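For reference, the structure discussed in these notes is given below.
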Amino acid sequence: MRVNEHPILNFEKGNKVMFYYNGQQLEGFTGETIAAALHANGVRAMRESIHLHRPRGLFCNIGNCSSCLMMVNGKPNVRVCVEKLEEGMMVETQQGKGELK
Amino acid sequence: MRQTEVCIIGGGPAGLTAALKAAGLGAEVTLIDRNDYLGGQLIKQTHRFFGSKEQRASERGINIARELAEAVEKEDKITVLTKAAALSYYKDGVVMVKQNERIIKIKPQKLIVATGGSEKNLMFPNNDLPGVYGAGAVQTLVNVYGVKPGRKVLMVGAGNIGVIVSYQLLQAGVDVVGIIEAAPKIGAYWVHASKVVRAGVPIYASHTIKRAWGEKEVAGATIMKLDEKWQPVPGTEKELDVDVICLSVGLSPLTELLWQAGCKMEFIPELGGHVPVRNEDLETSQPGIYIAGDAAGIEEASAAMMEGALAGLNAAEAMGYKVSDFKEQKEVVMKELNGLRSGPVGEKIRKGLAKAIS
Ligand SMILES: Cc1cc2nc3c(=O)[nH]c(=O)nc-3n(C[C@H](O)[C@H](O)[C@H](O)COP(=O)(O)OP(=O)(O)OC[C@H]3O[C@@H](n4cnc5c(N)ncnc54)[C@H](O)[C@@H]3O)c2cc1C
């Protein structure tokens, strides 16, 4: 969900881009993080915990806590809260520690 | 290997001010930040600041950040590396930095660590579900990217940050179902609290969160009352229909690099956790390593800027850069800083600092 009206802020969006979340095509904007684009599309689960396979999402949103690690273009352990969205990105839920493909 | 006179890690208010002061004395500075922008936490703070007038209260944090960042970028003596994360510090005084998938080695003569803090979590069942966020995280999502974390929010913690972020959520059109606070009285200043109260958000003092509900994401929360001894009162449970739980229960200093450098650390709850022991000049037990801002102890942005100024001045002076009004410059900052920390509001910080300064 996006903020449509705001009393003091103007959100200047970048260019519209397509990306893939677990194979599903979604829309986002350049300049925003992958996590922001996923949230805008209502996706809040980012990875599965290592032992109990519990869903995990965003927690600190500044690149500290490692709660939001995902697979991006086949690369595991990408902190999607600080990684910027790009056209055509393949973003996938990360299982456990992730695997290098 | 890059050589630099003063290396500053962290481009928040503390690091930016340190860079300006050190460069002002003539030192050559390298400022690094892992973000692709400068300003640290300030860039998402749209509210008018708390603090006294000299410290730019009533200015919005976001504007202060812009001004500082512009001044730093204009200064020839400062080299700025963004998207550059300091990964480690080695015995021989080398800082390892990762930028654009490459490693850069930096050997500074003086180091200022101004890495800020990270938000604390809270223990309760299901606190790991997606939908439980730090308050600063939600603030970043909403104020920087214009994206909502969900529809209905429970805010845990009624200090300034909890209350301010609640108000900013309302501004963005997100419903705040309630704010809970474990203490019998809220910690936030009334100027901020009155705004959310006027907007109809209930504040529950002496309340805690018992658990979150949900399978894949947060789908609700149970709160309950605490007695005078901070023990939950059975039978007072209340279920809230929320899909976001926002934790605003404090920050802890980001000090990994200082641990690596072998700085003497002390656990001081008043300053947010483990902090480096330092002298009046903000130098740690490792000569030549200085600290400033939230990394030195969780406080607020005005204090971070003043500590940054002091660390910058001291590091440059220790390099041998002299200016005739050095003492006066320092005294002005010290006076402001002491003013900021005076009175009942500053009591906790004063207590913490008394333990941290050796
Ligand atoms: C929601 C919220 C509301 C607030 N409201 C107010 C307010 O109204 N008034 C007020 O005075 N204060 C407020 N504060 C507090 C204020 O934001 C902080 O005290 C202040 O930003 C601390 O400044 P700093 O420079 O120490 O750290 P930060 O602003 O946290 O900056 C630290 C910087 O270091 C960088 N960094 C960290 N580690 C590394 C590394 N290893 N390598 C490279 N870079 C690194 C980070 O990316 C960051 O940019 C608020 C804080 C929050 C979270």
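The values are calculated or read from the model by the stated rules, or taken from the named source; none is laboratory data. Predicted model only: the values in this text are computed from it and were never measured. When we count neighbours, we look across all protein chains shown, and the Cβ atoms used for this are built from the backbone with ideal geometry, even at glycine. In case anyone asks, the SASA skips ligands and DNA or RNA and just uses the protein heavy atoms, side chains included. Shrake-Rupley method; radii C 1.70, N 1.55, O 1.52, S 1.80 Å.
Ordered from highest to lowest accessible area with the whole protein assembly present and a 1.4 Å probe, B:Thr255, B:Thr79 read as B:Thr79, B:Thr255.
About the centre of its Cα atoms, the range A:16-92 shows a dipole size close to 260 debye [charges on the beta carbon of Lys, Arg (+1) and Asp, Glu (-1) only; nearest 20 debye].
Between amide H atoms placed 1.01 Å from N, distances below 5 Å from B:Gln109 occur with B:Thr4, B:Glu5, B:Val6, B:Cys7, all of them 5 or more places distant or on a separate chain. The convex hull defined by the C-alpha atoms of chain B has an orientation-averaged projected area of 18.4 nm². A 1.4 Å probe run over the protein chains yields, for the protein assembly as shown, 45 Å² of accessible area per residue, whole-number rounding. With the alpha-carbon atoms of the protein assembly as shown aligned to their principal axes, the span from lowest to highest coordinate is 63, 56, 42 Å, starting with the largest. A Förster radius of 51 Å, combined with the Cβ-Cβ distance separating B:Thr79 from B:Lys210, puts the computed FRET efficiency at roughly 0.50.
Convex hull volume of the Cα atoms in the range B:69-129, per residue, in Å³? List each step's numbers first, then the result.
Details: hull volume 10.6 nm³, N = 61.
Looking at the range B:69-129, the number lands at 174 Å³ per residue.
Relative protection proxy for A:84-93, B:123-132, B:144-153, from highest mean packing down: B:144-153, B:123-132, A:84-93 (other beta-carbon atoms within 10 angstrom). Angle, helix B:326-340 long axis vs. longest principal axis of chain B, Cα atoms, 0 to 90°, nearest 10? It is inclined by approximately 10 degrees. Here each label is just a point 7 Å from Cα along the line to Cβ, and for B:Glu256 and B:Leu87 those points are 1.1 nm apart.
Shielding value for A:32-40 is 4, the average number of Cβ atoms from other chains within 10 Å of each residue's Cβ. Interface residues of the range A:1-24, defined as a loss of at least 50 Å² in heavy-atom accessible area between the chain alone and the complex of all protein chains with a 1.4 Å probe, are A:Met1, A:Val3, A:Ile8, A:Leu9, A:Phe11. Farthest toward the positive end of the dipole of the protein assembly as shown, out of B:Gln286, B:Val132, B:Gly273, is the Cα of B:Val132, where the dipole comes from beta carbon charges about the Cα centre. P(r) for the range B:187-277, from all Cα pairs and a bin width of 10 Å, is 13, 27, 30, 22, 8, 0 %, short bins first.
Helix B:160-171 and the longest principal axis of the C-alpha atoms of chain B enclose an angle of approximately 70°. Taking a 24 Å limit on the Cα-Cα distance, which of the listed pairs B:Lys21/B:Lys351; B:Lys98/B:Lys355; B:Lys185/B:Lys225; B:Lys83/B:Lys110; A:Lys75/B:Lys107; A:Lys13/B:Lys74 fall beyond it? Over 24 Å Cα-Cα: B:Lys21/B:Lys351; B:Lys98/B:Lys355; A:Lys75/B:Lys107; A:Lys13/B:Lys74.
Secondary-structure-derived ellipticity at 222 nm for chain B, considering helices only, amounts to -8500 deg cm²/dmol, per-run term -39500 (n - 2.57) for DSSP H runs with n ≥ 4. Along its three principal directions, the equivalent ellipsoid of the range B:74-209 from the Cα gyration tensor extends over semi-axes of 38, 17, 16 Å, largest first.
Ratio to report: Rg/Rh of the range B:9-168, with Cα atoms as the point set and Rh obtained by the Kirkwood method; give two decimals. Walk me through the intermediate numbers first.
Details: Rg = 17.9 Å, Rh = 17.6 Å.
With Rh from the inverse mean 1/r over Cα pairs, Rg/Rh is 1.02.
DSSP bridge analysis restricted to chain B gives an antiparallel fraction near 45%, rounded to the nearest 5. What's the angle, to the nearest 10 degrees (0 to 90), between helix B:61-74's Cα axis and the longest principal axis of chain B? It works out to around 20 degrees. For the range A:16-92, the fraction of 1.4 Å probe accessible surface lying on carbon and sulfur atoms is 49 percent. If you take all other residues with their beta carbon under 11 Å from the beta carbon of B:Gly157, and give Lys and Arg +1 and Asp and Glu -1, the sum is -1. When the P(r) is computed for the range A:16-92, the part past 14 Å accounts for 56% of the Cα-Cα pairs.
Scan the range A:1-47 for GluC sites (Glu not before Pro) in coil per DSSP, keeping those whose Cβ has at most 14 other Cβ atoms within 10 Å, and list them by number. Numbers along the way, then the final one.
Details: sites: A:Glu5, A:Glu12, A:Glu27, A:Glu32; in loops: A:Glu5, A:Glu12, A:Glu32.
For GluC sites (Glu not before Pro) across the range A:1-47 that sit outside H, G, I, E and B with at most 14 neighbouring Cβ atoms in 10 Å, the list reads A:Glu5, A:Glu12.
Heavy-atom surface analysis with a 1.4 Å probe gives chain B a carbon and sulfur content of 52 percent of its accessible area. Chain A packed on chain B takes about 3100 Å² of accessible surface away from a 1.4 Å probe, both sides summed.
Of the DSSP beta bridges with both residues in the range A:16-92, give the percent that are antiparallel, rounding to the nearest 5. Kindly include the intermediate steps, with their values, before the conclusion.
On the way: 14 of 16 bridges.
Roughly 90 percent of the beta bridges in the range A:16-92 run antiparallel, per DSSP.
Of the chymotrypsin sites (Phe, Trp or Tyr not before Pro) found in the range B:169-270, those in coil by DSSP whose Cβ has at most 16 other Cβ atoms within 10 Å are B:Tyr189, B:Trp230.
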